[in-house]
Every structure is written in C-alpha cells, then in structure tokens.
Amino acid sequence: MLYREAGQFKSSYGADEAIFPIRQDRWLFAAALIVAYVVVPLIASEYWLLSILIPFLVFSLAAIGLNILTGYAGQVSLGTGGFMAVGAFATYKLATSFPDLNIVVVFILAGLITAMVGVLFGWPSLRIKGFYLAVATLAAQFFLIWMFNKFPWFNNYTPSGVISAPPRAVFGHVFVTGAEANSVDKYLFVLSAVTLLALAAKNLVRGRVGREWMAIRDMDIAAEIIGIRPLKTKLLAFAISSFYCGIAGAMWAFIYTGGVEALAFDIDRSFQILFMIIIGGLGSILGSFLGAAFIVLLPLLLERTPMALGFDVPVNYLSNMQSMIFGALIIFFLIVEPRGLARLWQIGKEKLRMWPFPY
Amino acid sequence: MAAAKRIGEPVLEVRDITLSFGGVRALLDVSLEIRAREILAIIGPNGAGKTSMLNVINGFYHPQEGTIAYKGRVRQRMRPHEAAEQGIARTFQNVALFRGMTTLDNIMTGRLLKMRRNFLWQTIHWGPALAEELEHRVFAERIIDFLEIESIRRTPVGQLPYGLQKRVELGRALAMEPELLLLDEPMAGMNVEEKEDMSRFILDVNDEFGTTIALIEHDMGVVMDISDRVVVLDYGRKIADGSPDQVRRDTAVIDAYLGVAHEA
C-alpha cells in the first residue's frame with residue numbers, strides 16, 4: 001500500500017527520465033541521505049566510522065568504477081587493484097611534491113593520472129575480448145604492483161615501502177588525512193565524494209555515453225553499424241572506470257588506512273571488487289553499493305553472530321567457518337538471482353507495487 | 001501510388017565488385033545501382049551473395065575489385081561506423097539488437113550520432129545535456145508511435161517475441177534518419193499477419209520519409225508487391241535487373257530458382 005504510483009502522472013519526458021520517477025523512491029533516497037549525513041555522524045562510534053562505513057564507501061566507489069567498465073561496457077577487468085594502486089601512489093607523489101595543493105585537487109589529479117594509465121592498458125580491448133581481455137588486464141595488475149615495489153622513487157625512498165599520508169585539510173582546519181584527522185570529518189568527506197561521483201556515474205550511464213557502452217557490451221557489430229566507434233567508446237569506459245578506481249585507491253590509502261604498501265592492492269583486491277559487482281549486480285550503480293555492503297558487512301556479521309548467540313568457538317575454527325559460510329552464501333545468491341542483489345531489490349519493488357495482488 | 005513516387009538519380013553505384021574469401025567467390029563482377037527513393041529488392045537462392053552485397057555496401061567487407069560510389073563520390077575503404085555517419089542504416093538477418101536494453105533505449109541508440117554533448121555535460125544531466133536528451137526522446141517517441149510499439153517501450157528487447165524484435169530493429173535504423181536503409185530479410189520467420197504489418201511499415205517509411213530502401217527477401221509475393229525494382233543474384237553473379245514483372249518472366253531467373261544444371 002505504501003509503495004503505489006497510482007495518481008502520479010508524468011506530463012513531460014523530463015519527468016519520465018528522472019532518476020527516481022516514483023515519489024516514494026525520492027523520499028527513500030532523501031531519507032537515506034539524511035541518515036547518512038546527520039544521524040550517522042551523531043550516533044556512530046569511532047569504530048563504526050573508521051572500520052566499517054569508510055571502507056564500505058571506498059569499496060563502493062571502486063565497485064562503481066569496475067561496474068562502469070565490466071557491467072556497462074562489458075569489458076572484463078582484473079586490474080582494479082592495480083588501478084587503485086596507481087591512484088594511491090599518484091596521490092602520495094603529488095601530495096608530497098606539492099604540499100600546498102589542496103587535497104581535493106590532489107585526489108582529482110590522481111584520478112586523472114589513473115585514467116591515463118587505464119587508457120593505456122585498455123588499448124588491447126579493441127582486439128581482444130572476454131576472458132582474453134581479462135588476462136590482459138591481469139598483466140596490468142601484476143605489472144603495476146611490481147613497478148611500485150621495484151622503484152623506490154614511488155614511495156620517496158622509505159625503507160619499508162609503506163606510503164603514509166601527510167596531514168592535509170580540505171579547507172581551514174578540517175583535516176581529512178594524517179594522524180589528527182577527525183573521524184567524522186573523514187567520513188563526511190568520503191561520503192560527499194562518493195555521493196557526487198555516484199550521481200555523476202548514474203547520469204553517465206542513463207545518457208548517451210551509457211547507451212554507447214551498453215551497445216558495445218550487448219553486440220559490438222550492431223553498435224558499429226549505428227555509428228559507434230568501438231575504440232573510442234571502450235577507451236572512454238577504461239578512462240572513467242580507472243578515474244573512479246584511482247580515487248577509490250587514493251581514499252583507501254590516505255583516508256581509510258592512512259598508510260599502505262603496494263601489496264594492499266594485489267590481485268585479491270581485484271577479485272574482491274569483482275565479487276562485489278557480481279553479487280551486487282552487473283550494470284547497476286545501486287548494485288555496486290549493495291555488493292560492497294555485502295562483502296564488507298557480512299564477514300563482520302558472521303564473526304559477531306556466534307558470540308552474540310553465546311557460543312564459545314575457537315578463533316581459528318571461527319575464521320574457517322566464516323570463509324565457508326561466506327562462500328556458500330555467494331553461491332546461494334548467484335543461483336537464486338544471477339543478476340545480483342540490485343535485481344532482487346527491483347523484483348521486491350515490483351511485487352510491492354502490486355501487493356496484495358499477485359499481478 | 002507508383003505515379004506519385006519520384007524515383008530519382010542513383011544514390012549508390014556499385015561497379016564491377018568482386019569479393020572472395022580465399023578460394024570462394026562470393027561476388028563476381030556485380031554492378032548495380034540504387035536510385036533515390038526507390039525500393040530495391042535483392043533476391044536469389046541461398047548462397048547467391050545477397051548478404052555479402054549488403055555487407056560490401058555498408059563497409060563490413062572490402063571487395064578485392066571494383067568501386068562503390070555513394071552520392072557521386074567514389075569511396076575508399078571504410079568502416080561500418082563511417083557508413084552510418086554518411087546516412088546508411090541497416091538491419092540484420094538474425095536480429096542484432098542490444099538485448100539487455102529496453103526498446104526505448106535501443107531506439108535511442110539510433111540517435112547517438114546526432115547527440116553532441118560530451119561526457120562531462122552528461123555527468124550533470126542538466127541544462128544543454130538534458131535538453132538534447134529530451135529532444136531526441138521526442139523523436140524516438142515518434143518512431144515508437146509510427147511502429148505501434150508503445151506498450152513495450154520499457155521492456156528489455158531480449159524478452160520480446162521475434163516479430164517485435166524485428167520491428168524494434170527497424171525502429172533503431174529509422175531513428176538514424178537514414179538516406180539509405182538496408183534491410184536483410186526483414187520478414188524472415190514471420191507469419192502472414194506480421195509480414196503484412198512489416199510490408200506496410202516499409203512502404204510507409206519509403207512514402208513518408210522518402211527513404212531509399214534496399215532489401216533482401218525470400219517471400220516472392222512480398223517482393224513483387226512492394227518493390228519498384230528487383231535485382232537477382234545467383235552464384236555471385238547478377239543475372240537479372242528490372243521491374244518485378246520483367247524479372248518474373250526472365251528465363252535465367254526461372255532457371256536459377258527451379259534449378260537447371262549449372263555449366264562449368
């Protein structure tokens with residue numbers, strides 16, 4: 001009953017093409033934003049902000065990046081971790097070489113550098129497709145991590161190879177990186193960046209650019225006969241995807257952990273983000289968030305549940321159980337709905353519109 | 001109706017095209033022309049080279065010999081997307097739609113070439129980018145009206161029955177506002193009613209928009225009814241070219257279809 005669109009008439013194509021054409025969806029979105037901006041900073045503990053919400057947001061951003069490339073443009077990539085590393089190291093080099101540069105500018109520049117690297121490694125996509133392209137991006141992954149380990153110039157010759165974030169403020173004394181940074185400031189900064197970038201991504205995928213990507217994904221020959229240039233379209237997807245991944249990597253290194261080495265962005269990271277978009281839903285911005293939430297929150301839930309229920313389980317036993325349940329759940333979700341959590345959400349809404357009638 | 005039509009000069013002239021794949025000759029010394037505002041049917045038995053001909057015209061295949069002049073200009077090797085930029089649209093024998101996208105989105109892809117705002121404008125989806133989007137949406141809606149597919153606007157095309165998919169594919173080609181429309185078996189696998197609908201759409205497109213149409217079709221009834229001129233291919237050669245009535249009486253055509261032994 002709550003979720004009905006009866007009586008909501010659209011009298012222009014503009015209204016029909018809004019992100020949330022149904023009023024209840026707009027309210028839900030507004031409510032989510034208010035919770036995220038007002039309620040969460042008031043009630044969330046330091047632990048929740050730093051160890052759960054910030055990584056969730058950063059992962060969501062990386063997942064949006066990969067979803068643009070794989071979900072929308074259909075180019076499978078296993079190089080996400082490598083591109084995140086580029087973003088992190090580019091931020092480090094820029095921030096230490098130009099201490100006066102505002103951190104926002106640094107993040108954007110790092111994103112642009114990652115975009116250029118992405119275009120470079122996206123070049124083979126004109127010739128190779130599917131699994132073979134995945135292998136080519138795997139080369140990017142290994143090469144980039146090797147490069148950051150091999151040449152100490154990237155970490156300013158620190159013996160440990162760890163890059164640590166220097167303190168930087170967005171404006172005035174609102175520090176978002178470095179040791180003194182307030183966790184609420186950090187959270188709000190990441191939240192704002194992710195919200196803006198997610199909105200931009202949503203706008204891209206529902207307009208001309210998104211249709212070009214999906215056309216290439218669904219049938220590249222037909223895309224070519226309607227005048228789409230395959231190379232240009234694919235490279236734009238690589239560039240924008242890498243821009244998002246680069247900023248995600250930069251935030252990971254500078255805001256979430258405060259210091260990382262290149263190995264934090266190894267192949268496991270790439271797979272983790274690939275799982276997020278598969279579970280969340282390929283070709284869906286909302287799915288990127290749902291997938292990130294699933295991968296970040298579920299292990300925590302599994303870890304806490306036995307304790308909450310009063311079972312005394314040995315730690316090593318627990319971590320094995322955790323991986324097993326986690327794996328089983330992934331398989332379960334993929335069987336129930338191969339198109340991911342975003343699709344489940346959509347089906348739920350369809351059902352709700354009809355409720356209490358079956359159709 | 002034939003009297004009202006203004007068939008003009010040739011828009012596309014194909015001269016002495018030879019196309020071979022290894023030892024197989026798909027087309028041999030074929031010349032044909034497509035005239036402005038006509039409906040040209042290309043017919044012939046299986047393997048005669050009809051689809052190869054369309055592929056040559058829109059740049060999928062590059063013939064070894066011969067020239068193609070489009071609107072008076074002999075063109076060099078070109079890619080399919082360049083053909084699209086010059087106003088040549090086509091549909092495929094096996095429907096080549098974007099299966100994951102809705103009918104509306106598929107038709108909107110036909111407008112992509114006409115959309116000019118770059119991706120930075122697109123990220124804000126406001127102002128000029130929105131105006132442009134809506135302007136093309138209006139055009140797409142006109143095509144949806146024209147093809148009577150309003151009810152499936154939001155349906156992913158992968159879920160549509162075959163006949164409707166063919167119709168959406170025609171819609172996508174029309175959205176490009178082509179000057180030359182190539183249709184590869186637009187009625188294959190349709191029942192009589194669907195064929196009648198499709199024939200009506202093809203005639204209407206030709207009539208209302210003045211689009212030049214070249215189509216491949218196996219249903220002789222349809223071919224004889226809707227086309228102004230018929231070209232017959234057999235084993236890669238052109239064996240006849242003329243009005244439907246002339247072609248119907250041509251002995252070479254009858255032989256090709258009824259199967260007279262080919263001399264080496």
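We did not get these values from a lab; they are worked out from the coordinates using the rules stated. Predicted model, so just to flag it, every value in this text is computed and none were measured. For neighbour counting, all protein chains shown are included, and Cβ atoms are generated from backbone atoms with ideal geometry for every residue, glycine included.
Some notes on this structure:
- Residues (closer than 17 Å to A:Gly283 by Cα and hydroxyl-bearing (Ser, Thr, Tyr)) located in segment A:229-271: A:Thr233, A:Ser241, A:Ser242, A:Tyr244
- Residue among A:Ile228, A:Ile240, A:Ile221 that alone is within 11 Å of chain B (Cβ to nearest Cβ) and surrounded by fewer than 22 Cβ atoms within 10 Å (Cβ to Cβ): A:Ile221
- Single residue of segment B:15-72 satisfying the filter (acidic (Asp, Glu) and assigned to a strand (DSSP E or B)) that is surrounded by the most Cβ atoms within 10 Å (Cβ to Cβ): B:Glu33
- Being farther than 16 Å from A:Ile226 by Cα, more than 10 Å from chain A (Cβ to nearest Cβ), without any contact (Cβ under 8 Å) to a residue 24 or more places away in the chain and among the hydrophobic types (A, V, I, L, M, F, W, C) is a property that holds for B:Leu164.
- When segment A:100-127 is limited to residues that are out of contact with any helix residue (DSSP H, G or I) (no Cβ under 6 Å at 6 or more places or on another chain) and of a type in the set (Val, Ile, Thr), the one that is surrounded by the fewest Cβ atoms within 10 Å (Cβ to Cβ) turns out to be A:Val105.
- Total residues in segment B:101-139, condition over 23 Å from A:Pro230 (Cα atoms), in a helix (DSSP H, G or I) and more than 9 Å from every other protein chain (Cβ to nearest Cβ): 4
- B:Leu203 falls short of the stated requirement of being in contact with a helix residue (DSSP H, G or I) (Cβ under 7 Å, 6 or more places away or on another chain) and not in a helix (DSSP H, G or I).
- Test result for A:Gly258, within 14 Å of another protein chain (Cβ to nearest Cβ) and out of contact with any strand residue (DSSP E or B) (no Cβ under 6 Å at 6 or more places or on another chain): no
- Count of segment A:1-46 residues which are among the aromatic types (Phe, Trp, Tyr) and surrounded by 14 or more Cβ atoms within 10 Å (Cβ to Cβ): 3
- Scanning segment A:258-275 for residues that are crowded, with 19+ Cβ neighbours inside 10 Å and assigned to a helix (DSSP H, G or I) turns up A:Ala262, A:Ala264, A:Phe265, A:Arg269, A:Ser270, A:Ile273, A:Leu274.
- Among residues of segment B:181-198 that are closer than 14 Å to B:Pro161 by Cβ, those with a Cβ under 9 angstrom from a residue that is β-branched (Val, Ile, Thr), sequence gap 6+ or separate chain, pair up as B:Met198/B:Val222.
- Residue count, segment A:186-204 (criterion: in contact (Cβ under 8 Å) with a residue 12 or more places away in the chain and either small (Gly, Ala, Ser) or away from every other protein chain (no Cβ under 14 Å) (or both)): 10
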